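These notes are about the structure you will find just below.
The values are calculated or read from the model by the stated rules, or taken from the named source; none is laboratory data. None of these values were measured; they are calculated from a predicted model. Don't worry about glycine lacking a Cβ; one is built from the backbone with ideal geometry, like all the others, and counts go over all protein chains shown.
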Amino acid sequence: MDYIAIKHTHVLFAVLSILLFFTRAISRLATGKIAANKGVFITSHSVDTLLLISAFALLAIGKINPIDQPWLIEKIILVVAYIVLGIVSAKASTRTLQVGTLVAVVFSLLGIGYLAGTKSALIL
């Protein structure tokens, strides 16, 4: 598979991952029925796994070393922040913490999108 095909696949998995994340998060703010659905849970984690695999495939095919790319280091840091915030949001016992972490998730996703689109580091 060539680089462009994997890149488009990666973007597709990213969009699906975000949609599933917010579906589950909004469900938790409401009744929680969708978030508790085993199929949604498995699909969400499967998509996230495929997203990660496609990211590694892009690095391998493009012969990209993240250490040499400051924008990519920042993106990886924001992805880790997104994961941590998602876990905190899922386990939050108060609505305020859930909403606060979701706002932080939006900002981390905006940063990830900016870095992916411009390949220009914000800080490093």
Original post:
What pairs come up if the first residue lies in the range 56-84 and is closer than 30 Å to residue 98 by Cβ, the second is of a type in the set (Gly, Ala, Ser) and surrounded by fewer than 15 Cβ atoms within 10 Å (Cβ to Cβ), and their beta carbons are under 8 Å apart, counting only those six or more places apart or on different chains?
Top reply: 73/121; 74/121
Subject >> Members of the range 89-109 found to be β-branched (Val, Ile, Thr), more than 17 Å from residue 48 (Cα to Cα) and in contact (Cβ under 8 Å) with a residue 12 or more places away in the chain, listed by number >> reply: 99, 101
**OP:** Please identify the pairs in which a residue from the range 1-26 that is closer than 19 Å to residue 89 by Cα has its Cβ atom under 8 Å from the Cβ atom of a residue that is part of a helix (DSSP H, G or I) and among the acidic types (Asp, Glu), counting only partners at least 6 apart or on another chain.
**Re:** 17/48
Subject >> Breaking point among (1) in the same structural domain as residue 5 (by TED's automatic domain parsing); (2) closer than 30 Å to residue 2 by Cβ, for residue 22 >> reply: (2)
**OP:** With the condition kept exactly as written, say whether any residue in the range 75-97 is closer than 20 Å to residue 6 by Cα and in contact with a Gly (Cβ under 9 Å, 6 or more places away or on another chain).
**Re:** yes
Subject >> Members of the range 110-124 found to be in contact (Cβ under 8 Å) with a residue 24 or more places away in the chain and closer than 18 Å to residue 15 by Cβ, listed by number >> reply: 111, 112, 115, 116
